[in-house]
Amino acid sequence: MAWNSFATPLIGKAVRAASRLAHGGGSAFPGKIVERIDPDFLSRTLAQLPLGVVLVSGTNGKTTTTRMVASMLESLGLKVFTNPTGSNFTRGVVSSLLAEVSLSGKLDADIAVLELDEAYAVHFVRQVRPDYCLLLNVMRDQLDRFGEIDNTARLLSKAAEATTGTVVLNREDPRIARLADVVGTEDGVEVRYFGLDESLRGFFPSDDDMRTTVDAESQDSLENGGNTVDSADRAADALPADVTLRSVGDHRASFVIDGETYETTVKLEGVYNLYNAAAALAVVRAVEADAQAMFLPFEEALAEASASDTADTPDANGKSGTDGASDQPDQTAANAILRQAGVSPRMIAFAHATTQAMIDAAGEVTPAFGRGEVITVNGSPVELLLVKNPMGFRLSLASFKPEGCNTMICINDEYADGRDMSWLWDVDFTSLRGTGVKAVSGVRAWDMALRLEYDQVPVEQVSTDLEETVMAFVNADPGTPKHIYCTYTAMLRTRAALAKIADVADAGVGK
Amino acid sequence: MGQVIDIVSLYPKDMNIYGDSGNVLTIRRRLALYGYEPRVHAYNQGCEWPEHVDMILGGGGQDTGQKKIIDDFFQRADLLRSLAADGVPMLMICGLYQLFGEYFETVDGSRLEGIGVIGAYTVGRETRMIGNLTEHSGDFGGIIGYENHSGQTFLRDGVQPLGTVDADGTGNNGEDHTEGARVNNVIGTYMHGSLLPKNPAIADFLIRTAVERRDGTFDPAAAGQTDEQRAELRRIDAIADRARRVAMSRPR
């Protein structure tokens, strides 16, 4: 530990306050200062957490899933530290930690749930070995940043390798499922899978089997049966999944856990969001299993110790324990004893959470920024759908049916979106042929229009003026639901435009 | 419908990264709008080679994809070489462009043989050449695309590039300001985008050549092109033109 590390929270907070004044938002800058003056700050601060660190990474669904894991753990009673959307890099985590720690460097939380971009996950695990690692998928995304998809899988394997507790993997993604090989199982690290019922697998073709418009339409002339699924890549059934998404309905989902089927209503929409819920459930279950192993022995010892003390003391209701006093020790006294032992009563409560309680918690999660978020404008529900890569776009198109809705697509090519437009050609847009697309906008509106033209999807309006086009689109046809597909920076601009005329929640992503 | 034109999409399962399937889509749609009947054959390793081939389109792939196709590719090498020598129009992007050359030497020094249709060799480098790119060519005017490769390709003396680039650090090798290659009617290039939708001049060159080889002349009117189809092509090209202008104005 550096000699000056006691001052880190103070310095960091001061820099953070100053940079907020200067930029009007917390940036990564304070993180940069702290990384320089106190490189151990991150690992030292996170090491205090009794339940450790959950790392979430993968191409699609990081933000939604991180939000799910965090909010499920919170509704099960834990104090959770999580990094806000858009700061999914190491320095961003340091910056948000600075906001949370006390001046003495204490972090008031039981567990951290952190979303990290694939490349930053590698950086992060060099400093902090996560207790849990949830790896969602590897897909073609921002190849200009990471090179190739196999390279992305290699990045994620570093995270799996560094994990000390449980690695939770997507059984249906061959590149992810394969990472079980690098997990340190000989050191007691556990591997768990989340999976899909066979009936739902059609929604999630493997990225390698991506059927494009050409494939889909030239089946008749495909004399050679070109695109068959590699059976070796689909040996998924051999692996038992801890949590399986079984079925999906209108705001309903069912999961199979330990051979039992649990049904719940859900606030999230779209089969891919609900598959993320299965992933989140698997992680929460892994954390709970550890909490049970770690903390329930304390409770038993406590129960035995307090059995004699409390037997003759009436409880809060003035009744003495009738079912055997050991079941109901005086909560305040018990908590005091637990605290002395360094065990928060929150842990005990969490360790007792039932599977049904977890499922209910999953049902309460609301969509994250741009993942099926609905904004009401002029009485019409406007659904904002973030699209970042071909598979995500295809899943969104499959999940949100265009019939009865007006559709708009906004494509930008800023650094955060990815500069390369090639990905649009890996998405099959023919499902929009029937309804057509009302408006296309964004910097690359004409690239998108050209793409739709080649899929013979009728387009009404094309304009690179995003604000004006969004306004005209949402105000047309009052009462008709609307879908706006946006890339990342197009989403920020669309939300900002809508915020002028409607109630838009703060996404916490800055500008 | 008019005359059938047979197009082979080469290894679409393993060599179609970065949206290169957009090229197949573009050829298919434009051929139909010119009044011809496109027939796309998805040729993957182990498949039967189609009886008739008028055009071949190939894309880029991952290292793992290249490994999967390489044995089959070598088995088809003589066939591909003779078709290229016969003047069959072909478009090979990125990974297959490299494999159509003489060899690829990886960063660690190991050597992967190509099939030598194009007099060029490629050397793997640590730095990736990546970004929007506009190149200049006499036959096709400005060519708009997006390059993304770590292999640097050097053309043998006398091999014609597809086009020239202005900036160092772009194109075939970052040094000699060439991009791509042309041998007979074979075009090799690093340009994704997809290439053909925003470069209809290249698409039409491939189409015209394919049709002329099969029919003797390229004559859409005789093939039965309707006024609506002609208008549709004009509309598509107007959109492509807007997309090209935006693409040229964007940062690398």
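The values are calculated or read from the model by the stated rules, or taken from the named source; none is laboratory data. All values derive from a computational prediction rather than experimental measurement. Virtual Cβ from ideal backbone geometry, glycine too; neighbours counted across all protein chains shown.
Brief remarks follow.
- Looking across the range A:40-64, the residues that are among the small types (Gly, Ala, Ser) and over 11 Å from the mean Cα position of the chain (by Cα) come down to A:SER43, A:ALA47, A:GLY52.
- Selection count, the range A:399-429, where residues are modelled with pLDDT under 95, of a type in the set (S, T, N, Q) and closer than 20 Å to A:LEU384 by Cα: 1
- Unmet requirement for B:GLY193, which otherwise passes all of (1) modelled with pLDDT of 95 or more; (2) closer than 28 Å to B:LEU31 by Cβ: (1)
- Each residue in the range A:429-459 was checked for being more than 15 Å from B:TYR146 (Cα to Cα) and either among the small types (Gly, Ala, Ser) or in a helix (DSSP H, G or I) (or both), and 17 pass.
- The lone criterion from (1) surrounded by fewer than 17 Cβ atoms within 10 Å (Cβ to Cβ); (2) on the phi > 0 side of the Ramachandran plot; (3) in contact (Cβ under 8 Å) with a residue 40 or more places away in the chain; (4) not basic (Lys, Arg) left unmet by A:ASN475 is number (2).
- Enumeration of residues in the range B:215-252 that are assigned to a loop (DSSP other than H, G, I, E, B) and either more than 11 Å from every other protein chain (Cβ to nearest Cβ) or of a type in the set (Ser, Thr, Tyr) (or both): B:GLY216, B:THR217, B:PHE218, B:ASP219, B:GLY224, B:GLN225, B:THR226
- Residue within the range A:357-371 that is buried (at least 21 other Cβ atoms within 10 Å of the Cβ), touching a strand residue (DSSP E or B) at 6+ places or on another chain (Cβ under 9 Å) and among the charged types (D, E, K, R) present: yes
- Sole exception among (1) of a type in the set (Val, Ile, Thr); (2) under 25 Å from B:SER82 (Cα atoms); (3) in contact with a Ser or Thr (Cβ under 7 Å, 6 or more places away or on another chain) for B:VAL159, by number: (3)
- Flag for B:LEU96 being under 30 Å from B:VAL211 (Cβ atoms), in contact (Cβ under 8 Å) with a residue 12 or more places away in the chain and under 17 Å from the mean Cα position of the chain (by Cα): yes
- For the range A:448-456, the criterion of being out of contact with any Leu (no Cβ under 7 Å at 6 or more places or on another chain), away from every other protein chain (no Cβ under 14 Å) and buried (at least 23 other Cβ atoms within 10 Å of the Cβ) is met by no residue.
- Filtering the range B:195-213 to residues that are under 30 Å from A:ASP426 (Cβ atoms) and either more than 13 Å from chain A (Cβ to nearest Cβ) or not in a helix (DSSP H, G or I) (or both) leaves B:ASN199, B:ALA201, B:ILE202, B:ASP204, B:PHE205, B:LEU206, B:ILE207, B:ARG208, B:THR209, B:ALA210, B:VAL211.
- Scanning the range A:397-428 for residues that are hydrophobic (A, V, I, L, M, F, W, C), in a loop (DSSP other than H, G, I, E, B), over 24 Å from the mean Cα position of the chain (by Cα) and more than 11 Å from chain B (Cβ to nearest Cβ) yields a total of 1.
- Residue tally, condition at pLDDT 90 or above and not hydrophobic (A, V, I, L, M, F, W, C), over the range A:235-257: 6
- A:MET210 passes every criterion in (1) surrounded by fewer than 20 Cβ atoms within 10 Å (Cβ to Cβ); (2) closer than 27 Å to A:ASN389 by Cα; (3) modelled with pLDDT under 70 apart from (1).
- Hits in the range B:124-148 (condition: of a type outside the set (D, E, K, R), surrounded by 22 or more Cβ atoms within 10 Å (Cβ to Cβ) and either more than 24 Å from B:ALA247 (Cα to Cα) or within 12 Å of chain A (Cβ to nearest Cβ) (or both)): B:LEU133, B:ILE144, B:GLY145, B:TYR146, B:ASN148
- Among residues of the range B:157-184 that are outside any loop (DSSP other than H, G, I, E, B), those with a Cβ under 8 angstrom from a residue that is of a type in the set (D, E, K, R) and surrounded by 15 or more Cβ atoms within 10 Å (Cβ to Cβ), sequence gap 6+ or separate chain, pair up as B:GLN160/B:ARG182; B:GLY163/B:GLU135; B:GLY163/B:GLU179; B:THR164/B:GLU135; B:THR164/B:GLU179; B:GLU179/B:GLU135; B:GLU179/B:GLU147.
- Residues in the range A:158-181 that are of a type outside the set (D, E, K, R) and surrounded by fewer than 19 Cβ atoms within 10 Å (Cβ to Cβ) were compared, and the one that is farthest from A:ASP428 (Cα to Cα) is A:THR164.
- Restricted to strands (runs of 3 or more DSSP E) entirely inside the range B:1-114, those with at least 1 residues that are within 14 Å of chain A (Cβ to nearest Cβ) and within 28 Å of A:ARG175 (Cβ to Cβ) are B:4-10, B:37-43, B:55-58, B:90-93.
- Comparison of A:THR464, A:THR469 shows that the only residue that is within 12 Å of chain B (Cβ to nearest Cβ), more than 25 Å from the chain's Cα centre (by Cα) and either within 21 Å of B:ILE239 (Cβ to Cβ) or outside any helix (DSSP H, G or I) (or both) is A:THR464.
- Any hit, the range B:64-87, residues being surrounded by fewer than 24 Cβ atoms within 10 Å (Cβ to Cβ), on the phi > 0 side of the Ramachandran plot and within 15 Å of the chain's Cα centre (by Cα): yes
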